Amino acid sequence: MRPRPVQLILPAEPAADRRLMRWRSGMKRRVQGPGWSARALLGVAALWLAGGCASVEGLGDPAARGPFFEPVNHTGRSRLPDSIRRVVLLPAAGVPGVPTETLASFNPVLLAALQQSGRFEVVVADRPALWRLFGIRAVLSTDALPSEFLSMLAREYGADAVMFIDITAFSPYPPLTVGLRAKLATTTDSAILWAFDTLFSAQDPAVANAARRYDRRQHPAMEPGDAGYTVLRSPAHFAAYAAEAAFATLPPR
């Protein structure tokens, strides 16, 4: 008796495998059809992979997910009075140990950040102006003020308030450090509308994350490999971050 042939019964293809085979068959027809080429298909695949990798990188980057530093050592009015329309910004003053050249480099950074806050018009009293008016080059917010200091600035600049800025600490080498102390006082009665005092140190991961997030927002076209780390190496960029974070706490309108 001849043996009966054995028929091999293959297991049914999973639905996912069947879909994959149909997709491959369809893509083969499309590649072979008019308007498509294997090179074009590879280009699309490469773009998809690059986008996917970038998304995964962004999700894992602390500059995107935090935690982020938020200054808390500040106080002020709940809202700025309507009468505060023009503020005169004084030159940055420094505690002992902060070089004059460093203070001078802070002035344009502070001016840009204060103007960007959009709270009021900003005018500048530079060091020569203070010397001409009061015989001083700078004044700390904690100093005793010269006689008629605020009222004379009001007359000279048509200002409703004065912004004092102190640089309380500074390290231009990583980890970068900037200490900012500031006060906004009215020219009419010396009332303090806002006060701020914070040390920004890139050694704190939350500060570094916030600084990198700021720098990426300011320079969206930076090289992908940099990913905002320039701010942790550049004293000017780090100072700009600190100034923006400080003035963001000003009372709203």
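The values are calculated or read from the model by the stated rules, or taken from the named source; none is laboratory data. Since the structure is predicted, the reported quantities are computational estimates derived from the model, not experimental observations. Counting neighbours? That spans all protein chains shown, and the Cβs are built from the backbone with ideal geometry, glycine included.
Quick rundown of the values:
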| quantity | calculated |
| --- | --- |
| The one condition in (1) more than 18 Å from residue 103 (Cβ to Cβ); (2) modelled with pLDDT of 95 or more; (3) of a type in the set (Asp, Glu) that residue 215 fails to fulfil | (2) |
| Given (1) more than 21 Å from the chain's Cα centre (by Cα); (2) not in a helix (DSSP H, G or I), index of the condition residue 119 fails | (1) |
| Hey, residue 199 surrounded by fewer than 20 Cβ atoms within 10 Å (Cβ to Cβ) and either of a type in the set (D, E, K, R) or not in a loop (DSSP other than H, G, I, E, B) (or both) or not | yes |
| Residue tally, condition of a type outside the set (A, V, I, L, M), buried (at least 22 other Cβ atoms within 10 Å of the Cβ) and at pLDDT 95 or above, over segment 224-246 | 2 |
| Sole exception among (1) part of a strand (DSSP E or B); (2) surrounded by fewer than 18 Cβ atoms within 10 Å (Cβ to Cβ); (3) not hydroxyl-bearing (Ser, Thr, Tyr) for residue 88, by number | (2) |
| Unique match (being outside any strand (DSSP E or B), surrounded by 23 or more Cβ atoms within 10 Å (Cβ to Cβ) and either within 18 Å of the chain's Cα centre (by Cα) or not aromatic (Phe, Trp, Tyr) (or both)) among 207, 178 | 207 |
